[in-house]
Amino acid sequence: MKSKLLMINKLTALLSAIYIINGSSALASQKEVDLLIENSIKRFQQVTDYTCILEKKVNKKGRIFYDSKIYVKFRKPAKYYFKWKEGRFKGQEVIYVPGKNNDHIVAHSGGLFSFITLKLDPEGRIAMKRNHHSLRRSGMEKIFDILKDSYSRHKSTGCGEIKLEGEGRIDDRPVFIIEGNFPKKNGFYACRVIICMDKELMIPLKVTVYDWSGKLYEEYTFHNLKLNVGWNDKDFDPENSEYRFNKG
């Protein structure tokens, strides 16, 4: 584990040095971009759980669904707890654990009807109304699915381009900006994907995806991301006294 993290830190230092020497607009070599992506994939394999404040935009048939502040607990494989912290859904809570609760989402709204707890099909109309991905595979797991699949198709077909566009900051954390542009063939997920990769964590803090017409398809920003915090079964249990699911 220490040796892998040391290698990642060395790579980060190398890429930073390239920008210092050649200027912020200079691009790293394809080999260095490949190493950055491959090490990020390896890093996420070492992640057992995380927490963050999720900001997301989802374009469904021309309508943008925006959620500005969702508190997230996640533990592999595919265990989720969400709580909306502001906006029209403030107070809403959602839990999904594969194989539990008849493999349904457990949810309640905020506001006046928060006492009503529902069980929803994770791929049903209500659950999918504001989302492209069901909770059977969502969040950071889905992002890495897309990253790995796009990278693999790019390498195997030679189609498209993945490059290091520059550097930036997300919530005052330094990030590498990686951009992928792909053709509408060979099964690529989207025409353009922009990833802001945290230099220290080697995990995306922001992912923006554009559809084949060049319009925003989805965007996810992971604020205050913390890895391997130690969530347990209680954190994904509707009976947890800290939550407001109806116990009746």
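Values in this text are rule-based calculations from the coordinates and carry no lab data. This one's a predicted model, so the numbers in the text were calculated from it and none came from an experiment. Here the Cβ is made from the backbone with ideal geometry for all residues, glycine too, and neighbour counts use every protein chain on show.
Observations on the structure shown:
- The angle between the Cα long axis of helix 139-157 and the longest principal axis of the Cα atoms of the chain comes to about 40 degrees, rounded to the nearest 10.
- Using θ = phi - 60° in the Karplus curve 6.51 cos²θ - 1.76 cosθ + 1.60, the 3J(HN,Hα) couplings for segment 168-180 round to x, 9, 10, 6, 6, 9, x, 9, 8, 9, 10, 10, x Hz; x is entered for Gly and Pro.
- With bins 5 Å wide beginning at 0, the percent of Cα pairs of the chain falling in each bin runs 1, 6, 12, 16, 18, 16, 12, 9, 5, 3, 1, 0, 0.
- Long-range HN-HN contacts of GLU167 with modeled amide H, under 5 Å: ILE177
- Neighbours of PRO174 by Cβ distance under 10 Å: Lys/Arg scored +1, Asp/Glu scored -1, total -1.
- DSSP-assigned coil residues among trypsin sites (Lys or Arg not before Pro) in segment 96-133, each with at most 13 further Cβ atoms within 10 Å: LYS129
- Close amide-amide hydrogen proximity is noted between LYS69 and LYS85, GLU86, each under 5 Å apart and 5 or more residues distant or on a separate chain (H modeled in the peptide plane; Pro and chain starts excluded).
- Converting phi to 3J(HN,Hα) with the Karplus coefficients 6.51, -1.76 and 1.60 and the offset θ = phi - 60°, segment 223-228 yields 7, 6, 5, 10, 9, 6 Hz in sequence order, with x at every glycine or proline.
- In order along segment 182-193, the Karplus-derived 3J(HN,Hα) couplings, from 6.51 cos²θ - 1.76 cosθ + 1.60 at θ = phi - 60°, round to 9, x, 7, 6, 6, x, 5, 6, 7, 7, 8, 10 Hz, and Gly and Pro are given as x.
- Amide hydrogen neighbours beyond the local backbone of GLN92, cut-off 5 Å, H modeled: TRP84, GLY110
- Scanning the chain for GluC sites (Glu not before Pro) that sit in a DSSP loop and have at most 16 other Cβ atoms within 10 Å, the longest stretch containing none of them is 1-85.
- Stokes-Einstein D for segment 171-248, Kirkwood Rh over Cα pairs, 4 °C, 1.567 mPa s (µm²/s): 83
- Trypsin sites (Lys or Arg not before Pro) within segment 203-244, DSSP loop, no more than 14 other Cβ atoms inside 10 Å: LYS215
- Helical runs assigned H by DSSP (4 residues or longer) give the chain a calculated mean residue ellipticity at 222 nm of -8000 deg cm²/dmol, each run adding -39500 (n - 2.57) before division by the residue total.
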